[in-house]
1. Please enumerate the residues belonging to region 160-194 that are assigned to a loop (DSSP other than H, G, I, E, B), hydroxyl-bearing (S, T, Y) and more than 30 Å from E71 (Cβ to Cβ).
2. Would it be correct to say that S115 is closer than 30 Å to A58 by Cα and either small (G, A, S) or touching a residue at least 12 places away in the same chain (Cβ under 8 Å) (or both)?
3. Pick out the one residue from S27, S31, S67 that is out of contact with any Phe, Trp or Tyr (no Cβ under 8 Å at 6 or more places or on another chain) and more than 25 Å from I199 (Cβ to Cβ).
4. If you take the residues of region 99-122 that are surrounded by 14 or more Cβ atoms within 10 Å (Cβ to Cβ) and not aliphatic (A, V, I, L, M), which of them is modelled with the lowest pLDDT?
5. Please verify whether region 136-146 includes one or more residues that are of a type in the set (V, I, T), buried (at least 18 other Cβ atoms within 10 Å of the Cβ), touching a Lys or Arg at 6+ places or on another chain (Cβ under 6 Å) and under 23 Å from P106 (Cβ atoms).
6. I want to confirm something. Restricting to region 157-173 and keeping residues that are closer than 18 Å to N79 by Cα and touching a Leu at 6+ places or on another chain (Cβ under 7 Å), which single residue is surrounded by the most Cβ atoms within 10 Å (Cβ to Cβ)?
7. Assuming E125 fulfils every condition listed in (1) closer than 18 Å to I35 by Cβ; (2) surrounded by 15 or more Cβ atoms within 10 Å (Cβ to Cβ); (3) free of Cβ contacts under 8 Å to residues at least 60 places away in the same chain apart from one, which condition is it?
8. Could you look through region 69-101, keep only residues that are touching an Asp or Glu at 6+ places or on another chain (Cβ under 9 Å) and among the hydrophobic types (A, V, I, L, M, F, W, C), and pick out the one that is nearest to D184 (Cα to Cα)?
Amino acid sequence: MKKKVLALALLLTLALSSCATLKLEGSMLGSLDGISRIGVTSVSYGERTLPVIPLIDAGLHNAAVSSVKEELLAAESENAEVITSAIVNGVAARTDSDAVVVDSDPALFENEESSADHAVSIIQEKELDALVVVTTRVETSGVSGFGINGANSVKLKIKIFGSDGSLISEGYYRTAAEMTKPKDVNAYRALLRSSNENIDSLLDLLLIK
C-alpha cells in the first residue's frame, strides 16, 4: 500500500512539474500578402480536461468542480468575449486588414484532417481572404490529497488558414499550472484572465509581415 501511495505521489509530482512553466510556440508557414479581409472565429472554451487518478482524490476534486459548473462556465463565457476582442484587434493591427468575428462551432476544428475544409467553407461563405481559428480550454493536470486543490493551466491554440485551405501560421500557449480550490470561482476567473496576457506574444509569432 505504501509503495502504491508513493507511486501516485510521484506521478502527481511529475504531472505538476511538466506544467510548471509557460509554454509558447508559434511559426509562420505561409504569407500574408493579398489579405485584406480576415475572419476570427468567436472564442468559446472547449470541455475542461480533468484527471482520473489518483482515483479517490480526483473523484472528490471533480465532484466539487461539477457542483459549481454553471458558475465556472459563466466565467469562461465572460472571458471568451475578452479573448475574441483581443485577437480581432491584434490581428487587425498586425495585418492592416479588416478583421471580423465569425461565429462557428469550435468542434468543427478538432479533427486535424477536416479542419482545413471547414475553414475554406467559412472563408468562401463570408467572402474572406483568410480565417483565424481559435480554440482554448482549461486543463487540470493533477490534484492534491483529497482533491482539495487542482493544478490548472489554460491552453490556447491559433491556426490561420488561407483561402485555399493552406496553413499560414499555427501556434499555441499553455500557461504554468496554478493550484486552486475546485469551488473557488474567483480564483478560476483570475486564472482565465491572467492567461490573456500571452495573446499578444503569440500573435507576434504568427503574424510577421
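1. In the first step, residues of region 160-194 are kept if they are assigned to a loop (DSSP other than H, G, I, E, B); the result is 163-166, 175-177, 181-184.
Pick out the ones that are also hydroxyl-bearing (S, T, Y) and you get 163, 166, 175.
Selection gives S163, S166.
2. Values: closer than 30 Å to A58 by Cα: no; either small (G, A, S) or touching a residue at least 12 places away in the same chain (Cβ under 8 Å) (or both): yes.
So S115 does not fit the description; no.
3. Details: S27 fails: more than 25 Å from I199 (Cβ to Cβ); S31 fails: more than 25 Å from I199 (Cβ to Cβ).
Within the list S27, S31, S67, the selection yields S67.
4. As a first pass, look at region 99-122 and keep what is surrounded by 14 or more Cβ atoms within 10 Å (Cβ to Cβ): 99-102, 104, 106, 108-109, 115-116, 118-122.
Those left that are additionally not aliphatic (A, V, I, L, M): 104, 106, 109, 115, 118, 121.
Working: S104: 90, P106: 85, F109: 89, S115: 93, H118: 95, S121: 96.
Ranking the candidates gives P106 first.
5. Checked against the condition, which is being of a type in the set (V, I, T), buried (at least 18 other Cβ atoms within 10 Å of the Cβ), touching a Lys or Arg at 6+ places or on another chain (Cβ under 6 Å) and under 23 Å from P106 (Cβ atoms), region 136-146 yields at least one hit.
6. Taking region 157-173 first, the residues closer than 18 Å to N79 by Cα are 157-158, 172-173.
Keeping just the survivors that are touching a Leu at 6+ places or on another chain (Cβ under 7 Å) gives 158, 172-173.
Working: I158: 25, Y172: 17, Y173: 23.
Across region 157-173, the extreme among qualifying residues is I158.
7. With respect to (1) closer than 18 Å to I35 by Cβ; (2) surrounded by 15 or more Cβ atoms within 10 Å (Cβ to Cβ); (3) free of Cβ contacts under 8 Å to residues at least 60 places away in the same chain, E125 is out only on (2).
8. A86
The values are calculated or read from the model by the stated rules, or taken from the named source; none is laboratory data. Keep in mind that what you see is a predicted model, and the values were worked out from it rather than measured. Note: ideal-geometry Cβ built from the backbone for every residue, glycine included; neighbour counts use all protein chains shown.
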